[in-house]
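Since the structure comes first, as structure tokens, the remarks are kept for the end.
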Amino acid sequence: MMARRDRLLGPAYRLFYEEPVQFVLGEGVWLFDSAGDRYLDAYNNVACVGHSHPHVVEAIARQAAVLNTHTRYLHETILDYAERLLATFPAEIGHVMFTCTGSEANDLALRVARTCTGGTGVVVTETAYHGVTIALAELSPSLGLPDPTAPHVRLVPAPRPAGDKTGEIFAGHIRAAFEDMARSGIRPAALLVDTIFSSDGVFADPPGFLAAAVDTARAAGALFIADEVQPGFGRCGEGLWGFARHNLVPDMVTMGKPMGNGHPVAAMAARPALLKEFGARSRYFNTFGGNPVSAAAGIAVLDVIAQEGLIGHAKRTGTYLRARLSALRSRHSLIADVRGSGLFIGVELRHDDTPATRETTQLVNTLRERRVLISAAGPHGNVLKIRPPLVFGTEHADLLVDTLDQAMCDDG
Ligand code: PMP
């Protein structure tokens, strides 16, 4: 199957794990392989309300059986969804535009930022990931291209809030980046950050540390785009959005991944004044973005998050899981830090000052052999990335931590 895949899909794709896995069925927090063995999913944030959730499946099937067109026709469901989504944002965010992927949402946000500022300069973090288009690959140094930085891009180190509680150090890096841009004659357009710094290694606390960076970017004339593709839809366990923990209101918000629980729907929400200017100069249509089936999927996801109380659940399970992971520190000196918010957790592994990259990779693979799925993040790949469906319970947290504990003993 792997040879066939290589032959058909070519060499740019990567598979997870030294021994790749083939799933044939998903249910809640479980994935099943072709031999019928079940794996605990502690990684897939897309299936936020659980794999194959019946309410979402039914909503998609029902709408697909009736009509699927696009946003150029009037359709109640699209407007109902827009209304539901916008109600989750601060009052300043008044419009939402639909796309199919997070990349398209970020790309659209950049177009709006360029139009409204007249600038092109963008600041992102050193190990950021924001998408697959040409514009976003230049803003995604984690893709590892030889020279990801275009002349209009400036990279800043990810925030290290443990030693920068007020965020002033991070804000200082951003100020310096915009000053450097100005010296090169480049006008600023945006500060674009993932509000939990997922690919940089998961930095969530203390809440509020991001506000100084946003003020600094605005003072330089840039707009702030909050990339909520990873932290959004309740994962952080406090409200629906990662930025809200930082007590700030973005100029634009991009979202995707968990939005349709696997159905490809994404969006960009913005302050109306920005879209007034953009709309006056440009028109927008995305063939599949926000079609009635996507809108039905999106509504169903919001229904389940509310009906099953998944934000509070993510907070409770996340707190429990972080406490159990922190307790492992007394047994395994490799664990240097356990951090995150809700069910977005990073476990940093180090030998004193040296990132334990090899051990992290080995652990991710050992856990996969023991049928627990996680991955790694950060510039050195030494942060275990734990990001399960939000329906993950304490019994699943126990299985994850016990398996990790045992793997760390066995891996030495
Ligand atoms: N932003 C962030 C923070 C992401 O993690 C991703 C996807 N990993 C994207 C944007 C791009 O989303 P998509 O893959 O849907 O284009």
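The values are calculated or read from the model by the stated rules, or taken from the named source; none is laboratory data. As the structure is a computational prediction, the values presented were derived from the model and not from experiment. Positions of Cβ are generated from backbone atoms using ideal geometry, with glycine treated the same way; all protein chains shown enter the neighbour counts. Just so you know, the surface numbers come from the protein's heavy atoms only, side chains and all, with ligands and any DNA or RNA stripped out. Shrake-Rupley method; radii C 1.70, N 1.55, O 1.52, S 1.80 Å.
What to note about this one:
- Segment 50-198, dipole about Cα centre (Lys/Arg Cβ +1, Asp/Glu Cβ -1), debye to the nearest 20: 220 debye
- With both labels modelled 7 Å from their Cα along Cα-to-Cβ, the residue 371 to residue 91 distance reads 5.3 nm.
- Compared with the direct C-alpha span, the chain from residue 2 to residue 183 gains 60.2 nm at full extension, assuming 0.36 nm per residue.
- Within the chain, percent of DSSP bridges classed antiparallel, to nearest 5: 65 percent
- DSSP H segments from the chain that extend 20 Å or more along their own axis, Cα-based, with Kyte-Doolittle mean of -0.5 or above: 102-117, 168-183, 292-307, 310-327, 394-411
- Burial order of peptide ranges 362-373, 277-288 (average beta-carbon count within 10 Å, highest first): 362-373, 277-288
- Per-selection metrics, segment 54-307 (Cα): Rg and Dmax in Å: 17.9, 57
- Cα-projected label distance for residue 330 with residue 16, points at 7 Å along beta-carbon direction, nm: 3.2 nm
- Of all accessible heavy-atom area on the chain, the percent that carbon and sulfur account for (1.4 Å): 53 percent
- Label sites at residue 205 and residue 165, each approximated as a point 7 angstrom past Cα along Cα to Cβ, lie 1.3 nm apart.
- Of the trypsin sites (Lys or Arg not before Pro) found in segment 42-125, those that fall in a DSSP loop while having at most 12 other beta-carbon atoms within 10 Å are 72.
- Spin-label zone in segment 311-350 - amide nitrogen under 18 Å from a point set 7 Å from the Cα of residue 358 along the C-beta vector: 333-335, 349-350
- Put simply, when 237-248, 95-106, 162-173 are sorted by average Cβ atoms within 10 angstrom per residue, most first, you get 95-106, 237-248, 162-173.
- Length available on full extension from residue 176 to residue 405: 0.36 nm per residue minus the Cα-Cα distance, which gives 78.2 nm.
- Cβ crowding within 10 Å averaged over residues, with 390-401, 10-21 ranked highest first: 390-401, 10-21
- Helix-only arithmetic for the chain: the sum of -39500 (n - 2.57) across DSSP H runs with n ≥ 4, divided by the residue total, places the mean residue ellipticity at 222 nm at -11500 deg cm²/dmol.
- Near residue 25, the amide H atoms lying under 5 Å from its own belong to 32; only residues 5 or more places off or on other chains count, and H is placed 1.01 Å from N.
- Charge dipole of the chain about the Cα centre (unit charges at C-beta), most positive-ward option of 61, 361, 45: 61
- Stretchable slack from residue 38 to residue 143, in nm (0.36 nm times residue separation minus alpha-carbon distance): 34.7 nm
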